[in-house]
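Notes to accompany the following structure.
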Amino acid sequence: MRAMYTAATGMDAQTIRIDTVANNLANANTAGFKKSQVDFADLMYIVMRRPGGSQTEATQTPTGLEVGTGVSPVSTLRIFTEGAIANTEGELDMAIMGDGFFQVETPTGETKYTRDGNFRIGPDGIVVTSQGYPLYPRVSIPTDTTSIAVGSDGTVTVTTPGSDPTQVGTIELAKFTNPAGLSSEGGNLFAETVASGPATTAAPGQQGLGEVKQGYLEMSNVDVVTELVDLIIAQRTYELNSKVVKAGDRILQAINYIVS
């Protein structure tokens with residue numbers, strides 16, 4: 001029966017939806033995390049009669065007779081709305097107030113992008129992510145630094161004993177024509193793709209980029225209540241499709257009984 005196969009596609013689709021919701025909920029407290037949603041599309045139709053076809057010599061049907069064959073997940077859309085801003089008072093904690101991504105350099109020399117502004121000082125004095133990836137362009141903090149100030153324009157200034165504040169670097173942000181086209185790399189990192197377009201870099205507050213706010217972190221944009229509602233809907237939809245499969249199985253059993 002077609003209904004069983006159609007319902008099976010619905011169960012597969014809702015499984016992916018549940019997996020996506022579970023990942024959103026798991027990262028509800030991950031700094032800079034952006035939630036995802038699954039987009040679906042209906043599958044091909046079995047056309048038994050096309051709209052406008054002739055039913056008799058003198059009449060045409062105003063509608064056709066088409067039977068759908070199910071649903072398919074087509075994409076996971078990353079939602080880049082801003083998350084809540086949390087005050088941490090950390091000197092190297094930074095939140096982007098608006099559009100843009102921090103740039104970090106991986107061990108292979110590639111540039112990745114993140115909204116997670118949780119930075120630290122590495123063993124060589126370089127500002128790095130919590131995973132040890134250097135901020136790009138690199139910023140070096142002297143070992144005898146007593147305080148660090150990050151301006152809204154990305155300028156990094158340090159104070160050392162017996163000297164005036166000194167600028168040691170400038171943070172540059174990146175933005176994309178289509179941020180939803182970025183590839184999720186894990187570790188709060190994104191990679192540029194053909195779909196995202198090339199990165200445009202500039203100082204914070206320039207060319208439409210947001211400003212940097214020191215001592216704050218952008219939290220996840222996951223709304224736990226909304227995700228739980230979506231989880232319930234996905235679960236119920238899965239159950240309904242499974243009932244269709246069971247109903248189809250009972251019909252087949254009845255047919256086999258009659259035939260035998």
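Under 10 Å from the Cβ of TYR216, count the other residues' Cβ atoms, weight Lys and Arg +1, Asp and Glu -1, and hand me the total. Please report the intermediate quantities before stating the final value.
Numbers: positive: LYS213; negative: GLU89, ASP93, GLU218.
Result for the local shell: -2.
Taking only Cα atoms and a 10 Å spring cutoff, compute GNM fluctuations for the chain and point out the largest among MET11, MET97, MET48.
For the chain, modelled as a Gaussian network with Cα springs under 10 Å, the answer is MET48.
Could you give the length gained on full extension between THR146 and SER242, defined as 0.36 nm per residue of separation minus the Cα-Cα distance, in nm?
28.2 nm
Based solely on C-alpha atoms, express the radius of gyration and the Dmax of segment 45-86 in angstrom.
Here Rg and the maximum Cα pair distance are 21.8, 72 Å.
With the Cα gyration tensor of segment 1-110 in hand, convert its eigenvalues to equivalent ellipsoid semi-axes via √(5λ) and list them largest first in whole Å. Write down the numbers at each step before the final one.
On the way: eigenvalues 490, 55, 35 Å².
Each semi-axis is √(5λ); the values are 49, 17, 13 Å.
Label segment 64-124 by shape, choosing from rounded, prolate and oblate, from the square roots a ≥ b ≥ c of the eigenvalues of the Cα gyration tensor; if a/c is under 1.5 it is rounded, and otherwise prolate applies when a/b is larger than b/c, oblate when it is not.
Verdict is prolate for segment 64-124.
Excluding same-chain residues fewer than 8 positions from LYS35, which lysines have a Cα within less than 21 Å of its Cα?
LYS112, LYS175
What is the angle, in °, between the Cα long axis of helix 2-26 and the longest principal axis of the Cα atoms in the chain? Nearest 10 is fine, range 0 to 90.
With rounding to tens, the tilt is 20 degrees.
Please check: in the Gaussian network model of the chain (C-alpha springs, under 10 Å), which one of SER36, SER152, SER163 has the largest mean-square fluctuation.
Highest fluctuation of the listed residues: SER163.
Quick check on segment 85-218: what does the Kirkwood estimate of hydrodynamic radius come out to from the alpha carbon pairs, in Å?
Computed over Cα pairs of segment 85-218, the Kirkwood hydrodynamic radius comes out at 15.0 Å.
Considering only LEU231, LEU77, LEU65, give the residue with the highest GNM mean-square fluctuation for the chain, with springs between Cα atoms whenever their separation is below 10 Å.
Sorting by GNM fluctuation, first place goes to LEU65.
Please label the shape of the chain as rounded, prolate or oblate, based on the square roots a ≥ b ≥ c of the eigenvalues of the alpha-carbon gyration tensor (a/c under 1.5 means rounded; beyond that, a/b larger than b/c means prolate, else oblate).
prolate
Just so you know, all these numbers are worked out from the coordinates, no wet-lab data involved. Predicted model, so just to flag it, every value in this text is computed and none were measured. Neighbour counts run over all protein chains shown; Cβ positions are idealised from the backbone, glycine included.
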